[in-house]
Amino acid sequence: MERRTIGATALEAGAVGLGCMPMSWAYTSSRQRGEESVRALHKALDLGSNLLDTADMYGPFTNELLLGRVLKERRSEAFVSTKAGLLVGDQHIVANGRPSYIRRACDASLRRLQTDVIDLYQLHRADPEIPVEETWGAMADLVRAGKVRALGLCAVGARASRRSGTGVGRPVAGGLHDGTIRQLERVQQVFPVAAVEAELSVWAPEALSALLPWCEARGVGFLAAMPLGNGFLTGTLVPGEGFEPDDVRARHPRFTAEMMASNQVVVAGLRRVAVRHGDTVTPAQVALAWVLSRSRHVIPVPGTKRSRWVAENAASAALRLTDADLAEIASLPDATGSWD
């Protein structure tokens, strides 16, 4: 698989990564099976999709423990990205950016992951009660101590109501990521940012307007979270079929039956492009190829827990979209439904 560089650290990873969250958190728990997920992790490493993206809050903690079972055997083949800074309660999630907590969280992640170093350690969210420079300084100390190789900032929580008339690939003007960029400018003065993780997909292209250009101008890697629109862009979800109560999509306004039906036009466009590339090419692969085509700095991290989808996602790295393909995708209407 093609490899891409993450930040000025010259760390490299496969062009398509693996988001590990669905293996143990946020999606349908009745379908979460540890052994199946372990097979998926091995398949990802076999295929070169070696960027494994997790966080201590996924589970909480069980996702890192799951990865640790595989890393114990194959650590040298993996690029490990994990996150800290969020605490999960019974009905809430809160940020904790205290330096003492960050240090403890890193040591705990290292134990669960069964490794002595984390390749990319990300701040999951900034703590509004702690200057972000203090949190980042503690993370920088972890690099100096040899526990972490590079630092990243996660901006996946950014949400805003969509504006009409932008079109796929024609980014909106305005400030969805203004706050993130301000944080990045601040922490960059303390220690270099190697990567930013934020949502980027055919139905959520807002990062193209300012956040990705910020990264490109500074040689910062960009991990594209939710590049398949939480599964919608695969074309395998059926409007009205519903989700189990513990699935985050059951409460997401874009996954109501009405909104899913309305947005089928986006999937239909991806399917038309896929057909031109052969019977075995899928809408999901087209969606990932589109993300990959946005910049050499981008690595999509689609989440899955099944080896079949790992293999399909990895194959998208070899798919080259034509100018006509990209023009057709750019002409697709905006996805409808509020992200708020």
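The values are calculated or read from the model by the stated rules, or taken from the named source; none is laboratory data. Predicted model, so just to flag it, every value in this text is computed and none were measured. Ideal geometry is used to build each Cβ from the backbone, glycine not excepted, and the neighbour counts take in all protein chains shown. With ligands, DNA and RNA removed, areas are computed over all heavy atoms of the protein, side chains included. Shrake-Rupley method; radii C 1.70, N 1.55, O 1.52, S 1.80 Å.
For the reader, a short list of remarks on this structure follows.
- Protein accessible area in the chain, 1.4 Å probe - carbon and sulfur %: 51
- Sites excluded, trypsin sites (Lys or Arg not before Pro) in DSSP loops with at most 15 other C-beta within 10 Å, longest stretch of the chain: 164-295
- Nearest-10 value in Å² for the accessible area of Asp107, using the 1.4 Å probe: 50
- Loop-located GluC sites (Glu not before Pro) across the range 101-151 with a Cβ neighbour count of 12 or fewer within 10 Å are Glu129, with loop assigned by DSSP.
- Taking all Cα pairs closer than 8 Å and separated by 6 or more residues, the relative contact order of the chain comes to 23 percent.
- Per-residue 3J(HN,Hα) values for the range 118-128, derived from phi via the Karplus relation 6.51 cos²θ - 1.76 cosθ + 1.60 with θ = phi - 60°, read 9, 5, 9, 10, 10, 7, 5, 8, 6, 7, x Hz in sequence order (x marks Gly and Pro).
- Placing pseudo-labels 7 Å out from each Cα toward the beta carbon at Asp46 and Arg3 gives an inter-label distance of 2.1 nm.
- For the pair Ala330 and Gln91, the difference between a 0.36 nm per residue extended length and the Cα-Cα distance amounts to 82.1 nm.
- The chain, accessible area per residue, ligands and nucleic acids excluded (1.4 Å, Å²): 40
- Calculated from backbone phi, Karplus (6.51, -1.76, 1.60) coupling profile of the range 65-72 in Hz, x at Gly/Pro: 4, 4, 4, x, 4, 7, 5, 4
- Rounded to the nearest 20, the size of the Cβ-charge dipole of the chain about its Cα centre is 420 debye, with Lys and Arg at +1 and Asp and Glu at -1.
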